[in-house]
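*Asks:* One structure coming up, written as structure tokens, with questions to follow.
Read-outs throughout are calculated quantities, based only on the coordinates presented, and are distinct from any laboratory measurement. Worth saying up front: this structure is predicted, and the values here are computed from it rather than measured. Note that each Cβ is placed from the backbone with ideal geometry, even for glycine, and that neighbours are counted across all protein chains shown.
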Amino acid sequence: MAATEHTDLLVIGSGAGGLSAAVTAAHLGLKVLVVEKEPQYGGTTAWSGGWMWIPRNPLAVGAGIVEDIATPTAYLQQELGAQFDAARVQAFLEAGPRMVEFFRSQTALQFIDGNGVPDFHGRNPHAALGGRSMCAAPFDGRRLGAHIAQLKPPLSETTLWGMGIASGVELRHFFNALRKPASLWFVTQKVLRHFGDLLRYRRGMRLVNGNALVAGLAASAFAQGVDIRTSSPAQRLLTEHGQVVGAVVGGLEIRARCGVVLACGGFPHDVARKKALLPHAPTGQEHWSAASRGNTGDGLRLGEAVGGQVALDAVQAAALAPVSLVPRADGSHAHFPHLVERAKPGLIAVTAAGQRFTNEADSYYDFVSSLLAATPAGASAQAWLVCDHTFIRHYGLGAVKPAPIPMGAMLRNGYLRRGHTLAELALACGIDAAALQATVARYNQQALTGVDADFGKGETPYNQVQGDAASGYPNPCMAPLERGPFYAVKVVPGSLGTFAGLRTNASAQVLDAQHQPIPGLYAGGNDMHSVMGGTYPSGGITLGPAMTFGFIAAHHAAGKDL
Ligand SMILES: Cc1cc2nc3c(=O)[nH]c(=O)nc-3n(C[C@H](O)[C@H](O)[C@H](O)COP(=O)(O)OP(=O)(O)OC[C@H]3O[C@@H](n4cnc5c(N)ncnc54)[C@H](O)[C@@H]3O)c2cc1C
């Protein structure tokens, strides 16, 4: 007989989806246990940018950005089309601001605003110029005490010597470190403090982005007596009379009086599910997700085993993003998501035919959607990000950092390709040389006028914010590629996580084949079928709903009104 343990709410997975539910439930008086399969807690959330899309959030309202719920609803209606699920969208939009108010007034988690961050699709008349997103505020890791040891560190390739860099002002200082004395001073202080932390604590303690989000959530959970148990994979759900009453975790039976929340982060590394749901991955291998490697679809399988249904009709089953494969010393590859540099002036993306295929400054999801559309049937989707010497030393390229960080190692391991001329670069990459030269010549002409007649780069507010207005060229996303040597990095289809998940109702309860809730079972984060239906209307549309539906699920499980 397996040993049995009793709790009120069992949460499986320790990313934003799970921890939001755990912290809320503990505040509502429930005894909560979080089980995490990996030796560290935080999942993909700990690697993320930490941005959450929450229209009408209190930080925006406090800054005077006030909009009726009808406006973001209309934005989503147009973006989601047939995928628009009125009940779930309304639940998300109504509870989101309350969730933020709860966390910022009653927990250790604090936020910074995104009042200047526009929605992805500025041509939608209901898109906002800002005020619908927010990010976790930087967090002092020392506040976690001994629990810092189990916090998953950021993905090393996205850091500078292990130091996370917050987006926005902070990132701009890093790009300008060799150009502006104020930026150099800012960066020097940050780096010195980081090295001090490394000497003293063997890791950075100034946590930013998704690492700060997890740290804020975990600190709040520990303060409420929540047990976050690492190296504890859930293997099977326990049911009685059609109700989920707990789970088997590492041979231990955990019985949960108020239910179980599945929050295992979707299926980004589940080969069989990728094969079934991603048409560009016919063997299940041709999708290189940047999400945490422990996210192998366990939550979806656990849910299905008790009658849950995985949605098969998502517009895209994954949160698509271009990824490059960075060789590591042990022979493995990091999956580096290209989220920042594509919109900067002086970069183009081409296929092996040497031709552009999209507006490089559009969102990562739109970039990969265009790449897939431009890839002939049966061919493997891949593209090259191409830039010149001025660009790479200013902005970096993927895992290659800007000056003064040397790039020799990335040239030697083959990640970065270089040519003293465009023809030489084309040869190094297997790109059609004549076509690449013609493409760059045309692009350089357009950069001088600022008009991308082919793909409209730089036209939307989102493009412009992602570009660099200080470049001196008329279009913040365009500059000529003219100063050799020239460089390229190959990108392939990947994702930030997955969208297709267990069908739920507006209370985050998992639904069976008859669309009836399975008593005692909730899904959160990417185990829940995305409320966006596989579309990607704005940055933060996975973490915003993950935080919000975790908050909703906890209230439902505790039998409390929102
Ligand atoms: C570089 C990067 C940047 C991103 N930036 C953003 C952003 O700014 N905004 C945004 O909205 N999204 C962003 N994303 C996507 C976002 O991080 C994910 O969609 C989100 O973190 C998923 O949260 P989750 O709680 O579902 O899963 P996770 O955070 O991945 O947590 C799931 C956890 O469950 C655990 N688990 C799995 N199986 C089991 C099991 N059987 N038993 C116990 N535990 C299990 C996993 O080990 C993992 O720790 C980004 C992603 C990446 C890679």
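*Asks:* Send over the per residue convex hull volume for segment 511-562, Cα only, as a whole number of Å³.
*Replies:* So the per-residue hull volume is 89 Å³.
*Asks:* For the pairs Lys152/Lys190; Lys31/Lys274; Lys152/Lys180; Lys275/Lys490; Lys37/Lys490; Lys275/Lys344, flag any whose C-alpha to C-alpha distance is greater than 25 Å.
*Replies:* Table pairs above 25 Å Cα-Cα are Lys31/Lys274; Lys152/Lys180; Lys37/Lys490; Lys275/Lys344.
*Asks:* Beyond 21 Å, what share of the Cα-Cα pairs of segment 389-469 is found? Please give it as a whole percent.
*Replies:* On the way: 1462 of 3240 pairs.
Considering segment 389-469, 45 percent of its Cα-Cα pairs are separated by more than 21 Å.
*Asks:* Of Ala426, Tyr395, Leu385, which is farthest on the positive side of the dipole of segment 376-443, counting Cα position, with +1 on Lys and Arg Cβ, -1 on Asp and Glu Cβ, and the Cα centre as origin?
*Replies:* Going by the Cα projections, it comes out as Tyr395.
*Asks:* Along the Cα-to-C-beta direction of Lys180, a point sits 7 Å from the Cα; which residues of segment 125-158 have their amide N less than 15 Å from that point?
*Replies:* Label zone hits: none.
*Asks:* Using only Cα atoms, tell me the angle between helix 364-374 and the longest principal axis of the chain; keep it within 0 to 90° and round to the nearest 10.
*Replies:* 70 degrees
*Asks:* Would you list the P(r) distribution for segment 368-413, with all Cα-Cα distances sorted into 5 Å bins from 0 and each bin expressed as a whole %?
*Replies:* So the P(r) values, bin by bin, are 5, 18, 22, 15, 11, 15, 11, 3, 0.
*Asks:* What nm distance separates the two modelled labels at Leu252 and Ala329, each placed 7 Å from Cα along Cα→Cβ?
*Replies:* Calculated label separation equals 3.5 nm.
*Asks:* Rg and Dmax of segment 32-95, using alpha carbons, in Å: what are they?
*Replies:* Every Cα atom of segment 32-95 included, Rg and Dmax give 16.2, 44 Å.
*Asks:* Using only Cα atoms, find the angle between the long axis of helix 181-201 and the longest principal axis of the chain, and express it within 0 to 90 degrees, rounded to the nearest 10.
*Replies:* That works out to roughly 40 degrees.
*Asks:* Compute, for the chain, the length of the dipole vector about the Cα centre, with Cβ point charges of +1 (Lys, Arg) and -1 (Asp, Glu) only. Units Debye, rounded to 20.
*Replies:* So the dipole magnitude of the chain works out to roughly 1520 debye.
*Asks:* Could you give the spread of the C-alpha atoms of segment 16-65 along their three principal axes, from largest to smallest, in whole angstroms?
*Replies:* Principal extents (largest minus smallest coordinate, Cα): 42, 30, 11 Å.
*Asks:* Step through the residues of segment 261-270 one at a time and calculate ³J(HN,Hα) from phi using the Karplus curve (6.51 cos²θ - 1.76 cosθ + 1.60, θ = phi - 60°), rounding each to whole Hz and writing x for Gly and Pro.
*Replies:* 10, 8, 8, 8, x, x, 10, x, 10, 9
*Asks:* Taking a point 7 angstrom from the Cα of Ala438 along the C-beta vector, which residues in segment 479-514 have backbone N less than 19 Å away?
*Replies:* Residues 481 fall inside that zone.
*Asks:* Please compute the Cα-Cα pair-distance distribution of segment 87-131 with 10 Å bins starting at 0, giving whole percents from short to long.
*Replies:* 23, 38, 34, 5
*Asks:* Just flag the trypsin sites (Lys or Arg not before Pro) in segment 305-363 sitting in loop per DSSP whose Cβ has no more than 13 other Cβ atoms within 10 Å.
*Replies:* Counting only loop positions with at most 13 other Cβ atoms within 10 Å, the trypsin sites (Lys or Arg not before Pro) in segment 305-363 are Arg328.
*Asks:* Taking the alpha-carbon centroid of each part, what is the distance from segment 454-517 to segment 204-283 in angstrom?
*Replies:* Here the two parts' Cα centres lie 26 Å apart.
*Asks:* With only alpha-carbon atoms in the gyration tensor, what are the semi-axes of the equivalent ellipsoid for segment 147-207, in Å, largest first?
*Replies:* The three semi-axes for segment 147-207 are 23, 13, 8 Å.
*Asks:* Give me the net charge of His556's neighbourhood, meaning all other residues with Cβ under 15 Å from the Cβ of His556; Lys, Arg count +1, Asp, Glu -1.
*Replies:* Working: positive: Arg88, Arg98, Arg257, Lys560; negative: Asp8, Glu94, Asp561.
Summing Lys and Arg as +1 and Asp and Glu as -1 gives +1.
*Asks:* Let me ask something additional. Over the C-alpha atoms of the chain, what are the Rg and the largest Cα-to-Cα span, Dmax, in Å?
*Replies:* So, for the chain, Rg and Dmax equal 23.1, 75 Å respectively.
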